[in-house]
Amino acid sequence: MASTAKLLAFLWLLTVIAAARAFAGDPARGAELFAIAGGCGCHSSDAGPVGAGGGEVPTPFGTFYGTNITPDEETGIGAWSDAEIDAALRRGYIRGVGVSSPAMPYYRYAGMADADVADLIAFLRTLPPVRRPNLPHDVALPFARVGYRAWRALFAPAHPAPPRAPGTVTEHGRYLADHVAICGDCHTPRNLFGASDSDLYHAGTADGPGGAKVPNITPHATGVGDWDVADMQALLTYGMLPNFDNVQGWMAHVIDGRGGGPGYAQGNEADLRALAEYVLSVPPIENTVGDD
């Protein structure tokens, strides 16, 4: 019996070690994911440094400011455990604060694969630590944290996350669009409560961040119906439209990076290709609210 117990304990230990190694986190892959996430631009100001917080997030409910996600022990996430960073990223639960506002799109990142989260966290720990206290949000919402909990209950149901990202091009592109690059965060219109209208997935909106118009990126004539995959990949890589114009505003931030950080332009080519193919594969929707 004793030898059997020792054998079972040994096998259990091997399983634990294998699981730990499987999701130990690869900072090199994390850097690629950080780029495909637009350099997490809300967490950097235009002046930088990368991840040190201060990026403005204007909403109809007030202005929010991205937090410091550098590994500074006092003002950043240096003292946080991996589980606490994961909770903030995918569950919207901030250490020492409580439920996050929906300005932090945790409900989209909720579907990010366990392995990718581990890689992203490993990369964040390589950022130079910056001592910079977080800016207070400019929001006049009574009982805000209660409201954030109610919003999560109504509009952000638990989302199952896979252990690893899908491997096929189409499914990988969908995964990146919905849970890493989070294209719908800007390109899908929202209702009065700030929740996305899934019937107009990627169809653009006249009331994007800061009231800016955001174009329809579905393959309809009112969107990008005459684009091919090379056109879309060129946009994601260089910020260049097929008519040789270039993108501006928030799209420029996510492509070129913010505060000296990376953006789509520094992303993995295979990821960008999968993302481009998927965006052009969604059902076309007629919507003329894009940029003039």
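The values are calculated or read from the model by the stated rules, or taken from the named source; none is laboratory data. Everything numeric here is computed off the predicted structure, so don't read it as measured data. When we count neighbours, we look across all protein chains shown, and the Cβ atoms used for this are built from the backbone with ideal geometry, even at glycine.
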Open item on the list: For region 66-92: of the residues being out of contact with any strand residue (DSSP E or B) (no Cβ under 6 Å at 6 or more places or on another chain) and not in a loop (DSSP other than H, G, I, E, B), which is surrounded by the fewest Cβ atoms within 10 Å (Cβ to Cβ)?
Closed with: ALA83
Open item on the list: Tell me whether region 117-134 contains one or more residues that are touching a residue at least 40 places away in the same chain (Cβ under 8 Å), exposed (fewer than 15 other Cβ atoms within 10 Å of the Cβ) and over 28 Å from PRO262 (Cβ atoms).
Closed with: no
Open item on the list: Considering only residues that are surrounded by fewer than 19 Cβ atoms within 10 Å (Cβ to Cβ) and at pLDDT below 95, which ones fall in region 96-116?
Closed with: GLY96, VAL97, GLY98
Task: Considering residues of region 135-146 that are under 15 Å from PRO60 (Cα atoms) and among the aliphatic types (A, V, I, L, M) only, the residue surrounded by the fewest Cβ atoms within 10 Å (Cβ to Cβ) - done: ALA140
Open item on the list: Checking SER100 against (1) within 23 Å of PHE155 (Cα to Cα); (2) touching a Lys or Arg at 6+ places or on another chain (Cβ under 7 Å): exactly one of these is not met. Which one?
Closed with: (2)
- [ ] Would you check if PRO283 is surrounded by fewer than 23 Cβ atoms within 10 Å (Cβ to Cβ), of a type outside the set (Phe, Trp, Tyr) and either over 22 Å from the mean Cα position of the chain (by Cα) or at pLDDT 90 or above (or both)?
- [x] yes
Task: Restricting region 45-58 to residues that are part of a strand (DSSP E or B) and touching a Pro at 6+ places or on another chain (Cβ under 8 Å), the residue that is surrounded by the fewest Cβ atoms within 10 Å (Cβ to Cβ) - done: PRO58
- [ ] Looking for whichever is closer than 30 Å to ARG149 by Cβ and either touching a residue at least 24 places away in the same chain (Cβ under 8 Å) or among the aromatic types (Phe, Trp, Tyr) (or both) here; the options are VAL279, VAL289, VAL214, VAL224. Which one fits?
- [x] VAL214
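Only one residue in GLY211, GLY260, GLY249 is on the phi > 0 side of the Ramachandran plot and more than 20 Å from the chain's Cα centre (by Cα). Which one? Explain how you work it out, then say what you get.
On the way: GLY260 fails: more than 20 Å from the chain's Cα centre (by Cα); GLY249 fails: more than 20 Å from the chain's Cα centre (by Cα).
Only one candidate passes the filter, namely GLY211.
Tally the residues that are in a helix (DSSP H, G or I), over 28 Å from GLY211 (Cβ atoms) and in contact (Cβ under 8 Å) with a residue 40 or more places away in the chain, restricting the search to region 258-275. Don't jump to the end; show me each part of the working.
Going residue by residue through region 258-275, those that are in a helix (DSSP H, G or I) are 264-266, 269-275.
From what is left, the residues that are over 28 Å from GLY211 (Cβ atoms) are 266, 269-274.
So of that shortlist, the ones also in contact (Cβ under 8 Å) with a residue 40 or more places away in the chain come out as 266, 271-274.
Looking only at that region, the number is 5.
Any idea how many residues of region 147-163 are exposed (fewer than 13 other Cβ atoms within 10 Å of the Cβ), modelled with pLDDT of 90 or more and of a type in the set (A, V, I, L, M)? Lay out the reasoning, then the answer.
Going residue by residue through region 147-163, those that are exposed (fewer than 13 other Cβ atoms within 10 Å of the Cβ) are 153-154, 157-158, 160, 163.
This time we only want the ones that are modelled with pLDDT of 90 or more, so: 153-154, 163.
Imposing the further condition that a residue be of a type in the set (A, V, I, L, M) reduces the set to 153-154.
Count: 2.
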